[in-house]
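The structure appears right after this line, and notes come after that.
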Amino acid sequence: MMNKLKQAIDEMTVDDLKMEVPLLDLKTQYKDLRDEIRAAIDEVCDSQQFILGSKVKAFEQLIALYSHTKHAVGVSSGTDALLVSLMALDVKPEEEIITPTYSFFSTAGVIARLGAKPVFVDIDPLTYNINPSLIEKLITKRTKAIMPVHLYGQCCDMTPILDTAYRHSLFVIEDAAQAIGARYKNERVTGSMGDMGCFSFFPSKNLGAFGDAGMVVTNNSELASKIEILRTHGSNPKYYHNVVGGNFRLDALQAAILHVKLKYLDKWTLKRQKNAETYNKLFTDAGLTGKGLGSPVGLPYTATGNRHIFNQYVIRAIDRNNLQGFLKANGIGTEVYYPLPLHLQECFSNLGYKEGDFPESEKAAKETLALPIYPELTHEQQEYVVNKLKEFYSR
């Protein structure tokens with residue numbers, strides 16, 4: 001009897017077993033780094049220096065080096081990185097910032113918080129990034145800046161964006177929350193191309209803290225100095241305020257943890273890229289994607305010369321919502337980034353946009369689905385994910 005049971009188990013395929021494949025598995029990553037991270041935390045605790053200080057300064061220097069910029073200023077979150085960047089430009093009420101409608105809320109939320117107006121742009125259907133050809137016609141005398149978003153880990157097409165900004169004397173703030181280490185045309189590093197670049201170290205990011213944390217990078221010394229002042233309530237020196245800032249400081253504990261993790265970032269990126277290649281092959285071999293009509297799955301697209309870091313692996317899927325429910329029932333974590341474009345959010349209804357204004361963004365919101373792509377994902381787990389998609393579309 002035992003031999004028959006063993007034989008039956010040995011003959012089972014990945015299709016016969018139910019796996020748990022979370023969207024993200026940070027526990028495995030932490031297990032490998034536990035001793036290093038705990039030592040870094042203990043060092044901060046022993047110093048009792050928790051706000052800014054030498055740990056933050058050291059991490060800022062590393063991020064500036066990694067990003068090929070002269071300056072990096074640690075702040076409290078990716079959202080605050082965007083907000084303080086706009087504050088450093090002295091963005092005023094009624095001024096306009098051009099930005100994509102297909103993004104996380106922070107991109108437009110920080111604009112509205114300053115009383116300025118987000119002017120939305122549709123996306124390129126292949127990369128999901130802002131469509132540069134649509135920007136110039138939206139520029140008015142009130143336009144202050146362009147804020148492109150390097151979505152899912154891939155750089156926007158920055159050359160035409162920067163050219164347009166230069167011709168119209170506009171600032172460029174790169175929302176690089178999902179794209180630290182991404183490269184544009186194998187040359188420029190994300191965050192280094194515009195006037196400022198903004199990173200998020202939210203725990204789910206490729207380089208994630210143990211809470212909220214962010215960074216602004218820039219080659220402009222004057223802007224870097226402004227951001228350093230603004231992050232400490234606008235004081236310079238302490239208790240003397242020429243401007244109103246905020247509490248946007250990066251904690252030393254987060255800086256120490258991120259310092260440890262940064263040296264592994266490129267290795268993790270390579271694993272994500274390898275996992276993306278594996279998915280692409282598995283989907284193709286399964287007959288789920290192709291150039292013909294009727295293929296149920298559309299694979300991620302990487303523009304020529306770009307270094308895509310795959311913060312997310314996002315497919316287009318027919319019957320997306322039911323597929324997501326089926327995958328959940330089979331232990332597979334997924335996420336929809338993002339189910340409702342910003343121009344259709346209720347809080348921006350005063351801007352006068354309506355459904356149909358940005359068709360590519362609205363289409364992506366209905367079709368896209370992020371699959372697990374974290375570095376520790378196994379080949380067997382990826383096979384299971386693809387086989388379950390094949391099962392769903394074979395019904």
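The values are calculated or read from the model by the stated rules, or taken from the named source; none is laboratory data. Please read these numbers as outputs of a predicted model, since none were measured by experiment. Using ideal geometry, Cβ is built from the backbone for each residue, glycine included, and neighbour counts are taken over all protein chains shown. Accessible surface areas use protein heavy atoms only, side chains included; no ligands, DNA or RNA. Shrake-Rupley method; radii C 1.70, N 1.55, O 1.52, S 1.80 Å.
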With every protein chain present, what accessible area does SER221 have (1.4 Å probe, heavy atoms only), rounded to the nearest 10 Å²? 70
Can you tell me the order of 260-270, 310-320 when each peptide is scored by its average per-residue count of other Cβ atoms within 10 angstrom, highest first? 310-320, 260-270
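Take the alpha carbon gyration tensor of region 301-353, find the square roots of its eigenvalues, order them as a ≥ b ≥ c, and report rounded if a/c is under 1.5; if not, report prolate when a/b exceeds b/c, else oblate.
Working: a/c = 2.67, a/b = 1.20, b/c = 2.23.
Oblate.
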Between the helical axis of 221-230 and the dominant principal axis of the chain, each derived from Cα atoms, what acute angle in degrees is found, rounded to the nearest 10? 90
Take the alpha-carbon centre of region 244-322, take the same for region 112-145, and report the distance between them in whole Å. 24
Once every DSSP H run of n ≥ 4 in the chain is given -39500 (n - 2.57) and the sum is divided by its residues, what mean residue ellipticity at 222 nm do you get, rounded to the nearest 500 deg cm²/dmol? -12000 deg cm²/dmol
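Which of LYS18/LYS390; LYS144/LYS185; LYS70/LYS185; LYS70/LYS274 have a Cα-Cα distance over 24 Å?
Over 24 Å apart, Cα to Cα: LYS144/LYS185; LYS70/LYS274.
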About its Cα centre, what dipole magnitude does the chain give when the only charges are +1 on Lys and Arg Cβ and -1 on Asp and Glu Cβ, stated in debye to the nearest 20? 240
Given (1) 246; (2) 155; (3) 285, the label whose value is volume of the Cα convex hull per residue in Å³ derived from this model: (2)
Once you've got the Cα coordinates, tell me which of LYS55/LYS226; LYS141/LYS363; LYS267/LYS388; LYS205/LYS267; LYS55/LYS92 are over 23 Å apart. LYS141/LYS363; LYS267/LYS388; LYS55/LYS92
If we count GluC sites (Glu not before Pro) as exposed when they sit in a DSSP loop and have at most 12 other beta carbons within 10 Å, what is the longest stretch of the chain that avoids them all? 188-354
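Out of the DSSP beta bridges found with both residues in region 92-247, what percent are antiparallel (nearest 5)? Don't skip to the end; give the middle numbers.
Numbers: 9 of 23 bridges.
Beta bridges within region 92-247, antiparallel portion: roughly 40 percent.
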Using θ = phi - 60° and the Karplus relation 6.51 cos²θ - 1.76 cosθ + 1.60, list the HN-Hα couplings for region 169-181 in order, rounded to whole Hz, with x at every Gly or Pro. 6, 10, 7, 10, 10, 7, 7, 10, 4, 9, 9, 5, x
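Accessible area per residue of the chain at 1.4 Å probe, in Å²?
Details: 18520 Å² over 395 residues.
Ligands and nucleic acids excluded, the figure is 47 Å² per residue.
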Take the solvent-accessible surface of the protein heavy atoms, probe 1.4 Å, and return the percent of it on the chain that carbon and sulfur atoms account for. 52
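Determine the relative contact order of the chain: mean sequence separation of Cα pairs under 8 Å and six or more apart, normalised by residue count, in whole percent.
Details: 776 pairs, mean separation 87.2, N = 395.
That works out to 22 percent.
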By DSSP, what percent of the beta bridges with both residues in the chain are antiparallel, rounded to the nearest 5? 60
